[in-house]
Amino acid sequence: MLTLQDCIGFSGLTPDQLEAIADHEHLDMIIAAEWAEVTLDKPEGEELVERMLAEEIDRCASHHKDEALRRYRAGLEEFHKQHPHR
């Protein structure tokens with residue numbers, strides 16, 4: 001049986017990045033991890049993930065969710081490091 005941590009490890013994203021995707025799409029973390037693993041293998045996957053992270057950052061900023069905003073911004077920066085061609 002796979003744990004949440006296993007699924008996060010297979011997803012290709014960090015826990016903060018996955019949390020942002022889960023919040024953006026209103027999904028449980030484990031479903032977001034599965035979605036990310038499949039999506040990042042698609043040609044447009046990185047672009048989609050980057051856009052969703054940016055949209056979730058904007059949402060947090062407009063709702064004054066400072067802690068989530070800080071973590072999601074760091075997650076987007078890390079995503080850019082992991083995927084430099086984005």
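The values are calculated or read from the model by the stated rules, or taken from the named source; none is laboratory data. Since we're looking at a predicted model, the values are computed, not measured. Neighbour counts are summed over all protein chains in view; Cβ atoms, including those assigned to glycine, are modelled from backbone coordinates with ideal geometry.
Details
- The conditions of being at negative phi and surrounded by 19 or more Cβ atoms within 10 Å (Cβ to Cβ) are met by Ala32.
- Checked against (1) touching a helix residue (DSSP H, G or I) at 6+ places or on another chain (Cβ under 6 Å); (2) surrounded by fewer than 17 Cβ atoms within 10 Å (Cβ to Cβ), Ala54 passes all but a single condition, namely (1).
- Residue satisfying condition, being farther than 19 Å from Asp6 by Cα and under 11 Å from the mean Cα position of the chain (by Cα), within set His24, His64: His24
- Every test in (1) under 13 Å from the mean Cα position of the chain (by Cα); (2) surrounded by 18 or more Cβ atoms within 10 Å (Cβ to Cβ); (3) at pLDDT 95 or above; (4) not small (Gly, Ala, Ser) is passed by Pro15 save one, and that test is (2).
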